[in-house]
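So the structure is just underneath, and the comments pick up after that.
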Amino acid sequence: MSDKHLENADRPRSNPLFYLLGAISSLSPFGVVVIVPIIPLIGLAFDQGTENLQYLASAYLLGLALGQPCAGILSDKFGRRPLLLAGFLIFILSSIGLAFSPNLSLMIILRFIQAVGASVGSVIARAIARDLFEQEEAIQAFSFMSAAMGIAPIIAPVIGGAVAHFYGHQGVYLVTAIVGALVLHRAWKHVPETRPNIEEGALEQLDQRSIWTLLSSPRFLGYTGIFGFTQGTFFSFLGIGAAIFSDYFSIGAFGFGLIWGSLAIFYVLGSTRVNPLAKKFGRQKLTKFSVLASLGIAWSGVLSLQLFDVNLLTVLLPLAGLMFFSGMLIPMAMFGAVDLFPEISGTASGISSSCGLVAGGIFSIISGNIYSNGYQYVALLSAAATIFTTLSWLIVQYGSKKYINNQT
């Protein structure tokens with residue numbers, strides 16, 4: 001690590017770069033959720049039904065899934081800073097285009113482009129944190145980013161709804177562009193180039209073998225699995241959450257928003273506890289405890305539904321616990337995935353992010369298809385995700401033992 005990197009690693013805990021990296025990471029989920037209140041307005045504006053409006057969300061998720069690996073690979077080759085600035089500029093311009101889009105088809109295309117631009121945020125922020133900080137500070141930075149990504153979906157619908165009330169769906173997209181411009185300005189002023197210096201010949205070799213290096217690493221695959229399947233535990237609920245509260249408890253969209261916001265606070269609380277607990281008990285022990293706690297909570301929730309049927313307590317208590325431990329697991333899994341191979345941390349961040357997004361999306365799709373059989377099946381799906389999380393943790397343990405044996 002260079003002298004500059006060592007100097008940055010010795011910065012105090014109050015390092016403002018933590019907050020900026022959190023803002024950079026949160027731009028992508030902000031862009032996903034801010035349009036939720038305006039989807040009916042877009043339907044009225046273009047005389048479209050819900051079957052076509054859903055492509056606004058699908059296009060964004062597809063853009064993220066495809067853009068994140070590309071952003072990571074390109075940041076290892078060309079540097080973190082130019083990719084970050086270019087991606088956010090694309091995000092801003094596409095947001096402006098969305099505000100003035102004359103039809104839904106163009107809007108769907110621009111949503112895909114907007115997501116490709118936003119995809120650089122969380123990917124490159126993680127690589128920057130890995131480049132700059134040693135383990136303790138890096139975990140703190142990752143917990144900041146995870147907390148910010150948990151807060152964004154809480155405040156984005158509030159902002160979107162308030163702006164849409166006065167300025168319509170065009171105003172929401174223009175505000176999104178302004179938020180992107182503010183983050184771009186701060187990144188341009190305060191984010192340095194952090195990519196490790198690699199000779200040109202070595203860089204070309206990395207380009208050819210970096211993906212295979214990651215995909216053949218049990219530890220990388222295990223941490224990526226923890227990240228993805230942990231998201232599956234609450235993505236199983238998220239897609240049909242509003243329907244659950246309406247069907248079972250006659251709670252409308254506003255009430256669901258308040259409840260989901262409260263659950264998201266548990267996620268943020270978990271994220272903020274990672275650093276002090278990791279310092280006290282060690283990251284490996286904390287990861288093990290969080291994995292097993294999630295497993296126990298999820299399956300206890302399934303059992304409680306069998307004993308007491310579906311009620312607010314049997315739904316909310318397991319979800320609150322799962323959200324808390326998800327907030328703890330996700331930062332540690334993100335850090336674990338990018339910490340293994342520092343020279344290709346951008347590629348590692350991009351691939352792990354994309355895999356996590358795809359895993360969460362798959363669980364969301366499955367839950368939507370099985371919900372007609374009852375909430376119990378959704379809870380069972382969420383509990384199944386914790387089994388896969390546990391298996392992923394076991395793969396990490398296997399990879400760690402194999403690595404130690406190879407070193408000795």
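Scan the range 72-93 for residues that are small (Gly, Ala, Ser) and either touching a residue at least 40 places away in the same chain (Cβ under 8 Å) or in contact with a Gly (Cβ under 6 Å, 6 or more places away or on another chain) (or both) and jot them down.
Gly72, Ser75, Gly79, Gly87
So which of Ser304, Ser352 ends up being polar (S, T, N, Q) and more than 27 Å from Gly399 (Cα to Cα)?
Working: Ser352 fails: more than 27 Å from Gly399 (Cα to Cα).
Checking each option against the conditions leaves just Ser304.
Looking only at helices (runs of 4 or more DSSP H) that lie completely in the range 178-255, which have at least 1 residues being basic (Lys, Arg) and modelled with pLDDT under 90? Show your work before the answer.
Values: elements: 200-215, 218-238, 241-249.
Qualifying helices (runs of 4 or more DSSP H): 200-215.
Please work out which residue is modelled with the lowest pLDDT, limiting yourself to the range 342-365 and to residues that are over 15 Å from Ile226 (Cβ atoms), buried (at least 19 other Cβ atoms within 10 Å of the Cβ) and not hydroxyl-bearing (Ser, Thr, Tyr).
Among those residues, the one meeting the criterion is Gly361.
Out of the residues in the range 211-251 that are touching a residue at least 40 places away in the same chain (Cβ under 8 Å), within 18 Å of Met323 (Cα to Cα) and among the small types (Gly, Ala, Ser), which is surrounded by the fewest Cβ atoms within 10 Å (Cβ to Cβ)?
Filtering first and then ranking leaves Gly239.
Touching a Pro at 6+ places or on another chain (Cβ under 8 Å) and either outside any helix (DSSP H, G or I) or on the phi < 0 side of the Ramachandran plot (or both): does that describe Val274?
yes
Can you pull out every residue in the range 98-123 that is in a loop (DSSP other than H, G, I, E, B) and either surrounded by 20 or more Cβ atoms within 10 Å (Cβ to Cβ) or not assigned by TED's automatic domain parsing to the domain that holds Tyr173 (or both)?
Ser101, Ser119
Residues of the range 354-402 being within 20 Å of Leu214 (Cα to Cα) and either in contact with a Pro (Cβ under 8 Å, 6 or more places away or on another chain) or aliphatic (A, V, I, L, M) (or both), which ones?
Within the range 354-402, Ser354, Leu357, Val358, Ala359, Leu391, Leu394, Ile395, Val396, Tyr398, Gly399, Lys402 meet the criteria.
For Ser146, are the conditions met, namely being in contact with a Cys (Cβ under 9 Å, 6 or more places away or on another chain) and either polar (S, T, N, Q) or closer than 29 Å to Gly327 by Cβ (or both)?
no
Scanning the range 78-91 for residues that are buried (at least 18 other Cβ atoms within 10 Å of the Cβ) and in contact with a Ser or Thr (Cβ under 9 Å, 6 or more places away or on another chain), which turns out farthest from Ile344 (Cα to Cα)?
Phe91
Among the numbered conditions (1) at pLDDT 90 or above; (2) within 30 Å of Thr194 (Cα to Cα), tell me where Leu319 comes up short.
(2)
The values are calculated or read from the model by the stated rules, or taken from the named source; none is laboratory data. Note that this is a predicted model, so its numbers are computed, not measured. Please note: Cβ atoms are built from the backbone with ideal geometry, for glycine as well, and neighbour counts cover all protein chains shown.
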